[in-house]
Amino acid sequence: MSTIAETALRGKARRRMRIDGWRWGGRIFLVFMMLYTALPMIWMLITSIKSGFAAMQFPPQWWPDQPTLASYEKLLDPQNSVGQDFLRFFWNSLFVSTATTILSVIVAVPAAYAFSRFTFPGRNFLFFAVLLRNMFPAVIFLVPLFILMRAIGLVNTHASLVLTYLTFGLPLAIWLLKGFYDNIPVQLEQAARIDGATRFQAFVLIVMPLSTPGIIATAIYSFIGAWNEYIYAYTFLSKNEQLTLPVGIQRFFSENTTDFPGLMAASFMMSVPVVVLFLVLQRYFVRALTEGAVKH
């Protein structure tokens with residue numbers, strides 16, 4: 001009996017060591033990926049507080065001898081041309097991204113609910129047809145959409161970007177939300193209907209609170225996609241007062257030189273709204289996951 005017990009204990013020890021090995025391997029991989037993701041941001045921040053001469057030194061200076069915030073002061077100063085343009089580009093991007101996010105949620109929420117709850121002719125075909133667009137690279141639609149926007153007079157307007165970003169963002173938004181609605185028991189809506197609620201009231205009071213994580217994820221996805229988009233903004237907009245940030249920061253490149261500290265400062269500030277948006281909504285995302293969890 002003692003031999004059998006010892007053998008069992010050795011087997012458990014080997015399994016524990018094997019599990020610990022995988023666990024530590026996963027931790028090391030996560031640390032590596034964190035460094036791989038964070039180091040470019042750290043280097044961008046360090047370069048932004050260097051002088052123009054220090055940014056061009058080789059070998060590179062890992063930390064500047066005289067850190068300066070001159071690049072940020074220039075970008076945020078509305079009295080100089082660079083600051084005026086940067087702030088205009090920033091507000092243009094904020095307007096386009098916010099409008100895209102709001103419209104994407106307004107359209108995707110009822111569309112995904114209809115695909116999840118209702119049965120109608122061509123339902124599956126229409127749902128997969130919506131996803132069909134994601135099978136093709138976005139650049140394929142560049143020329144057709146430009147011709148369409150020019151025909152309806154929307155070139156050099158932010159409306160052209162909002163409509164284009166909706167074209168690309170809505171399929172995934174609908175698909176994400178439909179998955180959330182599919183996991184919400186229909187019995188909850190039926191119970192609300194029995195208590196006297198209309199279908200719309202049941203949707204607003206029961207379904208939407210439980211699908212808050214999906215709505216938040218959809219909003220974040222739509223905002224980030226619109227905020228970072230470059231190709232369509234570069235093609236549809238040519239007036240300086242209409243440009244968004246991804247296109248506008250090109251002004252830091254010139255024929256003879258490049259303002260690398262200014263470029264890095266603009267790029268860092270461009271990434272701030274996305275990071276802040278995620279950090280602010282993360283708390284609500286986790287709370288919605290716990291409060292809206294349904295076991296069935």
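The values are calculated or read from the model by the stated rules, or taken from the named source; none is laboratory data. Quick caveat: nothing in here was measured; it's all calculated off a predicted structure. Glycine also receives a Cβ, built like all others from the backbone with ideal geometry; neighbour counts cover every protein chain displayed. These area figures cover heavy atoms from the full protein model, side chains too; ligands, DNA and RNA do not enter into them. Shrake-Rupley method; radii C 1.70, N 1.55, O 1.52, S 1.80 Å.
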Peptides ranked, highest mean first, by Cβ atoms within 10 Å: ranges 242-249, 209-216, 31-38, 185-192 = 242-249, 209-216, 185-192, 31-38
For the chain, count all C-alpha to C-alpha pairs, find those more than 29 Å apart, and express that count as a whole percent of the total.
-> 55 percent
Per residue, accessible area of the chain with a 1.4 Å probe, heavy atoms of protein chains only, in Å², comes to 62 Å²
What's the carbon and sulfur percent of the range 140-206's accessible surface, probe 1.4 angstrom, rounded to a whole number?
-> 69 percent
Once the mean of 1/r over all distinct C-alpha pairs in the range 31-126 is inverted, the Kirkwood radius in Å reads 18.2 Å
Please report, in cubic angstrom per residue, the volume enclosed by the convex hull of the alpha-carbon atoms of the range 102-144.
-> 96 Å³
Given charges at Cβ of Lys, Arg, Asp, Glu: the chain dipole, positive-most of LEU45, LEU35, SER271 = LEU35
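To the nearest 20 Debye, how big is the dipole of the range 130-277 about its Cα centre, given +1 on the beta carbon of each Lys and Arg and -1 on that of each Asp and Glu? Can you show the working numbers first?
On the way: 7 positive and 7 negative charges, 61 e Å.
I would put it at about 300 debye.
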Which of TYR230, TYR72 is most accessible, then next, and so on - probe 1.4 Å = TYR230, TYR72
Along each of the three principal axes of the Cα atoms of the range 64-187, give the extent in whole Å, ordering the values from largest to smallest.
-> 65, 41, 24
For the range 201-266 and the range 125-157, compute the distance between their C-alpha centroids and round to whole Å.
-> 18 Å
Rank-order 94-103, 130-139 by packing density, defined as the average count of other C-beta atoms within 10 Å over each peptide's residues, highest first.
-> 94-103, 130-139
Most fluctuating residue of GLY52, GLY262, GLY26 in a GNM of the chain with Cα springs under 10 Å: which is it?
-> GLY26
Could I have the simple spin-label model distance between GLN190 and LEU30, label points 7 Å from Cα toward Cβ, reported in nm to one decimal?
-> 4.1 nm
